[in-house]
Amino acid sequence: MKNFILIISLLFSSIIFAQKPIKFSADSFYFSKLVNGNNSYSKPQKASILITLDLEKRNIKIFNSEEHIMKIVHNDSPFTETTENTFFDYKCIDENNKDCTARFLRFSKSSKSEMGDLLYIVYPDITYVYNITLIKN
């Protein structure tokens with residue numbers, strides 16, 4: 001587990017200092033809507049989506065049928081580790097000036113999700129979840 005944390009830390013440190021956008025591909029997504037105080041989940045939908053995290057420009061872009069841009073405005077504790085997973089949280093404002101949180105979730109090998117690593121885009125009333133894979137440059 002310590003080696004995994006070290007590798008993740010080194011990966012994100014090198015990415016931050018390299019200042020290159022980090023690219024992910026998403027092969028499926030779903031959403032969860034808050035309806036009468038309960039979450040209503042959609043069925044996963046197949047997709048071919050490019051997602052970039054650009055720490056130099058402080059934005060996250062999601063390229064599906066159109067480009068969605070979220071400006072990163074705050075990330076006091078972008079790295080949170082639990083015994084099972086690693087989270088990277090970024091407070092953002094989208095292109096419509098709505099507050100949201102982008103959460104990158106990396107599962108440990110022992111708790112690997114059926115969907116793989118995930119990106120959550122969280123708004124007060126809806127959450128989009130993307131099944132992501134890191135694109136190696």
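The values are calculated or read from the model by the stated rules, or taken from the named source; none is laboratory data. Please read these numbers as outputs of a predicted model, since none were measured by experiment. Using ideal geometry, Cβ is built from the backbone for each residue, glycine included, and neighbour counts are taken over all protein chains shown.
Can you work out which of the residues in region 19-36 that are over 17 Å from residue 122 (Cβ atoms) and at pLDDT below 90 is surrounded by the most Cβ atoms within 10 Å (Cβ to Cβ)?
Checking each candidate, the answer is 20.
Residues that are under 16 Å from the mean Cα position of the chain (by Cα) and either at pLDDT 95 or above or β-branched (Val, Ile, Thr) (or both): which strands (runs of 3 or more DSSP E) entirely in region 37-130 hold 2 or more of them?
Numbers: elements: 38-41, 45-54, 59-63, 67-74, 85-94, 99-107, 117-122.
Here the list reads 45-54, 59-63, 67-74, 85-94, 99-107, 117-122.
State yes or no: is residue 9 part of a helix (DSSP H, G or I), among the polar types (S, T, N, Q), at pLDDT below 55 and surrounded by 11 or more Cβ atoms within 10 Å (Cβ to Cβ)?
Values: part of a helix (DSSP H, G or I): yes; among the polar types (S, T, N, Q): yes; at pLDDT below 55: yes; surrounded by 11 or more Cβ atoms within 10 Å (Cβ to Cβ): yes.
Criteria met by residue 9.
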